[in-house]
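The values are calculated or read from the model by the stated rules, or taken from the named source; none is laboratory data. Remember, it's a predicted structure, so these values are computed and weren't measured experimentally. Don't worry about glycine lacking a Cβ; one is built from the backbone with ideal geometry, like all the others, and counts go over all protein chains shown.
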Amino acid sequence: MQQTMAHHDHDHGHEDHESLKVLGFWIFLVTDCILFGTLFATYAVLMHSYAGGPTGKEMFQLPGVIASTFILLTSSFTSGLAMLAMHKGKVKQVIGWLAITAVLGLAFVVLEVTEFSHLVAEGAAIYTSAYWSAFYVLVGTHGLHVTLGLFWMAALMIQLGKHGITAVTKRKITNLGLYWHFLDVVWIFLFTVVYLMGVM
Amino acid sequence: MGARKWLGRVQFWIMAVLASVLLSGCGSEYMVLNPKGPVAETQYNLIIISVILVSIVILPVLAITFYIVWRYRDKPGNKAPYQPEWAHNTTLEVIWWGIPVVIIAILGYFTVRDTYALVEPPNKEVKPITVQVTSLDWKWMFTYPEQNIATVNYVHIPVGVPVQFELTAEAPMNSFWVPQLAGQIYTMPGMAMGLWLQADEPGEYFGTGANFTGKGFAHMQFKVIAEPQEEFDKWVQQVKNTAPGMTRQDYENLVKPGLSDRLTYSSFPPGLFEEIVKKYGHAHGNHPGGMNHYKNNLKNNDDQHDEGHQGGGQQDAGQHGSHGGNDAQASHQHDMSGTNH
Amino acid sequence: MWEDIKSFASTFFVTGDPLIYGADVAIVLTTLAIVFVLTKYKKWGWLWREWLTTVDHKKIGIMYLICSLLMLFRGGVDALLMRLQLALPNVEFLHSEHYNAIFTTHGTIMILFMAMPMMFALFNIVVPLQIGARDVAYPFLNALSFWLFFFGAMLFNLSFVIGGSAESGWLAYPPLSEKMFSPGVGQDFYIWGIQISGIGSLATGINFLVTILKMRAPGMSLMKMPLFSWSVLSSCITIIYAFPILTVTLALLFIDRYLGAHIFTMDGGGNPMMYVNLIWMWGHPEVYIVVLPAFGIFSEIVATFSKKQIFGYKSMVFAMIIISVLSFFTWAHHFFTMGAGADVNSFFAISTMAIAIPTGVKVFNWLFTMFRGRIQLKQPMLWTIAFIPCFVIGGATGVMLAVAPADYQYHNSYFLIAHFHQVLIGGVVFGYLAGIYYWWPKMFGFKLDERLGKWGFWLWNIGFYVCFMPQYALGFMGMTRRLYTYGWDLGWAPLNLVSTVGAFMMGLGFVFQVWQIAYSIKHGERDTTGDPWNGRTLEWSIPSPAPVYNFAVIPQVKEADDWWATKQARANGTANEAPAKLEPIHMPKNSGIPFIMSFFWFIAGFGFVWGWTWWIVIGLAGVGISMLVRSFQYDTDYYIPVDEVRRTEASLGRAV
């Protein structure tokens, strides 16, 4: 970001347009950060509002969550490998790494959906208490982000196949990579605040 | 010329309104400017101080505005200097960064002083009485824990005695306001708020809900009747002798949305107020200020303290960064309610 | 079957009020008239090609402007209805629920569907021209922002005739706005209307921030940038930090209502106070989001019409930045009476008062720009000069409100109402009107008639004081806001009557302005030079209205007030202008996707409001598909050849 900010030339060519879009995406991530920050604040305020219902400590099953944490962390790594391949100009490798990232992302989402349905079945649904409302909203918003990311990833893999590595696809992959790492960071906070502190 | 006409009119209206407020300020309709108790008095004094302080800035500014617009208007033959490149003067700019800083510092001092002062009872010599207030859709219920009587849409208080109002709601939040005696405090479900108030003169004072609660909100006005202690005692006795008691069913009926006449009850279900607070307050431990206050008050009457809620309260006080001063506030209010833990 | 339809229709359509039936008829007739005219003159294609699919910031700005003026009309009518109801005690013109719906609508529309789009209109029309750019950073996103705003506003306004409007105030405090107390769909219309347009606002914030940071003409360093662009920059930064909070807050409220969650509910452990904190963490910065650009407008106008450089440019920039930062640390002053305790209240009281300092500095700098200048009392300047005393008094009452213990007496009273109308009308509305008068010739190529404009101006101004000064006094008399009626006993009648008279004067002022626009379209003074006011900044260096590519040649900036310096140099014969070399101009292609995608948002929003799953599915799928289609488009721009640029410039009377 520093670099793009300092880089101030006025040749309104393609390259410049693309770097403009990366800057815009960074700013979008700032807004997304505030979005999650607000959700975290809400969660913190309602952290003990069980209203007589089940607590997180009673309900959470850490092994599954730890597994999905590792899956997401790995997917962040593989998306990084996709970026490296992109800089080397190897389209097939990029698509390959993205595919692996997508599969891992999908696994994460599936695990989350499984966890949610298990919780609901055990009597901790979104309407059970303020605590669970805040829990589902926070964790669910992250899950929704990951899901949308999967669609995006699929679209970009097709575009890469069609157009190869160009200034435009490069920018798109860069933004996707930023997005994916961002979701990873959010998850680390989420895992710590919701699950680890929840069972402690 | 348009500008002069305009100057005249604006000035006229400002003066007319200022005059009408100030001259009739002593008129009884201007309740806020006619305080009848120490709390409202403190607030009135602050209003006057703030008016004076802001006037020090705005009156010259208004005058300068009119002068400059008149003097430098673009008119053939205007001999006033014209310096199109003059765009910076450090001295001047330091002056007008400085003046508001000083004014705000002075006003800030008074503000902080009185903000803290109003948390204290207005009069420490006299033993206060407690009145509990519950805002309902769309009526005000008052319960007297010490006298064990209850009223709806009116309240009697003794003159010269500090009154500790404890307030909550079993309806969307409202705001309790008796302009001549004290400023507002919100009534909120699940929380017990505190408000000190004292009347120095006997009389009937206008009270109103100030925060919108829906359909019947406009009708949520009530009377505060301040009378000498003997008359107050007499009134309490009379209520006890003549009025019916409030049953749980009576209360349930009051909770139903609707308007109500003035009602009087010679008793009410024991612990009703605390029950209302707890009903929605279970999870509200995380609230600063008012909540801490509630905890301390509740301990007086209620041994079975909810532990989960207490824990929540303390944890969140720290997390809620915006309300940085919660702990201090808790101990503050704690002292105020005079309990020992 | 017939019974089913009847019962559906009676819940779907708002019934039982002659005002609403009148509105129904008006809406149907207007729609028919528009369809008829478009069909008769075969203008559907023109509408689609020139407007609905445009990505040109100037046209988008004009569309924002038209919508915001319509919304000003609607919000204004709401205001007049309220003032009629309150003109005298015990008036039975509106019943309680209708009155509640009207004040809720009035507030929401005026802030979110009037002030915001009017502000975006000026962003769009002015910023690229002022910084010497050919468009905004993301023209497609810009069009999307507009259409999201448009369909959000449509959704919100629809609740007037379909389903019923929200009745819980413009900020919808829970638990009143929860399903338990507001079971109707009005609240959901409110949430989705704001939510959809809010996404657009956020995108606009990002768009203009990047535009200003990255697309300025060469040589225009930040400290040579015109103050309006600076004000847009600080406003956009504030949008970026504030709007996500609004999005989350309303989403949480909707989840409470739709899925039965307990985030802000009274029961189940919910925390209504959390909502009040969150909504004001957005709501307070929002006030500065709309007022900062007004400050920028005044700075431009005061310099132009005093024929003098702005005084204390650096102070002005610094002050705006301080204001936008401080605006995030004052939210709790909206609920000093919530018992947050003396420490919290003291902090927020002081931080609120502190905002008065940079604001005061700006006023002094405007005054000293006029000092030793030559003040021309043209319409934009009239509004600017009227703003100063109005805003100064409003600011003073703002400082009074910041005194926390005194606020216990002002809170939610008419004193507060008078205060915020004074800063929002005196500051924001006067500012935007001044801006509209100032840049109107740049938008349309003609000036607005001075004589009719002055009628409008005086009616607005006198009406304003007549309307709102009595309300300060009513606050001292114990009158609280949102009362649909009051009795004779409290002595509130005379001042309320005066206030109503003032409101109608402002309404009449608006009528004069509409007349002024209609009159000026035919008779207004044409602007053939592109520089009708002897302006100082780049937008006045190009023809009015600007050609599609704005600048045939991107200017090289050397000074603050560069256009003024250029004119001075030309007059002195010291201009050293190299002959311009034309190059093909790179431009974005029009696209129908923003319109279509926003329409699908509308469908989804409508589905959420009524709980119609199929509408939600179709709507969201439509949104997703629109995004994918866009993602797969690689051919999104084109070049205007040099010949065409030359022809266009020549036809505008410019030799290149």
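Structural remarks
- Filter result (more than 28 Å from the chain's Cα centre (by Cα) and either assigned to a loop (DSSP other than H, G, I, E, B) or more than 7 Å from chain B (Cβ to nearest Cβ) (or both)) within region C:369-382: C:F371, C:R372, C:G373, C:R374
- Filter pass, C:F420 being under 20 Å from the mean Cα position of the chain (by Cα) and either within 9 Å of chain B (Cβ to nearest Cβ) or within 27 Å of B:V39 (Cα to Cα) (or both): yes
- Test set (1) in a helix (DSSP H, G or I); (2) surrounded by fewer than 24 Cβ atoms within 10 Å (Cβ to Cβ); (3) of a type in the set (A, V, I, L, M, F, W, C) - C:A406 fails condition number: (2)
- Qualifying residues in region C:256-267 (those that are touching a Ser or Thr at 6+ places or on another chain (Cβ under 7 Å) and facing another protein chain (nearest Cβ under 7 Å)) - the one surrounded by the fewest Cβ atoms within 10 Å (Cβ to Cβ): C:A261
- All conditions in (1) at pLDDT 95 or above; (2) crowded, with 18+ Cβ neighbours inside 10 Å hold for A:M47, with the sole exception of (1).
- Test: residue in region C:191-198 that is in contact with a helix residue (DSSP H, G or I) (Cβ under 8 Å, 6 or more places away or on another chain) and either basic (K, R) or within 14 Å of chain B (Cβ to nearest Cβ) (or both): no
- The condition (being modelled with pLDDT of 95 or more and of a type in the set (S, T, N, Q)) is satisfied by just one residue among B:N211, B:N300, B:N286: B:N211.
- Counting only helices (runs of 4 or more DSSP H) that fall entirely inside region C:542-653 and contain at least 3 residues that are closer than 28 Å to C:L47 by Cβ, of a type in the set (F, W, Y) and in contact (Cβ under 8 Å) with a residue 40 or more places away in the chain, the qualifying elements are C:593-610.
- Answer residue from region B:81-91, given it is surrounded by 12 or more Cβ atoms within 10 Å (Cβ to Cβ) and at the interface with chain C (Cβ under 7 Å from one of its Cβ atoms) and is farthest from C:K308 (Cα to Cα) among those: B:H88
- Subset of region A:37-63 [of a type in the set (S, T, N, Q) and assigned to a helix (DSSP H, G or I)]: A:T38, A:T42
- Every residue from region B:217-259 that is β-branched (V, I, T) and part of a loop (DSSP other than H, G, I, E, B): B:T247
- The residues on offer are B:V152, B:V163, and the sole one that is under 17 Å from the mean Cα position of the chain (by Cα) and in the same structural domain as B:K278 (by TED's automatic domain parsing) is B:V163.
- Which listed residue is in contact with a helix residue (DSSP H, G or I) (Cβ under 6 Å, 6 or more places away or on another chain), of a type in the set (S, T, N, Q) and free of Cβ contacts under 8 Å to residues at least 24 places away in the same chain, from C:Q422, C:Q409: C:Q409
- Pick from region C:212-226, criterion basic (K, R) and in contact with an Asp or Glu (Cβ under 9 Å, 6 or more places away or on another chain), ranking: surrounded by the fewest Cβ atoms within 10 Å (Cβ to Cβ): C:K224
- Filtered by the rule that a residue be under 30 Å from C:T238 (Cα atoms), in contact (Cβ under 8 Å) with a residue 24 or more places away in the chain and among the small types (G, A, S), region A:28-74 gives a lone residue, A:A44.
- Scanning region C:478-507 for residues that are touching a residue at least 60 places away in the same chain (Cβ under 8 Å), more than 21 Å from C:L94 (Cα to Cα) and facing chain B (nearest Cβ under 9 Å) yields a total of 1.
- Residue match in region A:151-165 (condition: touching a residue at least 60 places away in the same chain (Cβ under 8 Å), under 25 Å from A:K90 (Cα atoms), of a type in the set (V, I, T) and out of contact with any Ser or Thr (no Cβ under 8 Å at 6 or more places or on another chain)): yes
- In region A:159-175, the residue that is farthest from the other protein chains (Cβ to nearest Cβ) out of those that are over 21 Å from the mean Cα position of the chain (by Cα) and among the β-branched types (V, I, T) is A:I165.
- Count - residues of region C:498-518 that are more than 22 Å from C:K447 (Cα to Cα) and crowded, with 16+ Cβ neighbours inside 10 Å: 9
- Of all residues in region C:304-318 being more than 9 Å from chain B (Cβ to nearest Cβ) and among the hydrophobic types (A, V, I, L, M, F, W, C), the one that is surrounded by the fewest Cβ atoms within 10 Å (Cβ to Cβ): C:F318
- Condition met for B:V101 (buried (at least 18 other Cβ atoms within 10 Å of the Cβ) and in contact with a helix residue (DSSP H, G or I) (Cβ under 9 Å, 6 or more places away or on another chain)): no
- The residues listed here are C:A242, C:A217; of these, the one that is among the small types (G, A, S), part of a helix (DSSP H, G or I) and at the interface with chain A (Cβ under 9 Å from one of its Cβ atoms) is C:A242.
- When region C:603-656 is filtered for residues that are of a type in the set (K, R) and under 30 Å from the mean Cα position of the chain (by Cα), only C:R630 remains.
- Residues that are among the charged types (D, E, K, R) and free of Cβ contacts under 8 Å to residues at least 12 places away in the same chain within region B:46-74 comprise B:R71, B:D74, listed in sequence order.
- Test for C:G76: is it at pLDDT 90 or above, more than 16 Å from C:F149 (Cα to Cα) and in a helix (DSSP H, G or I): yes
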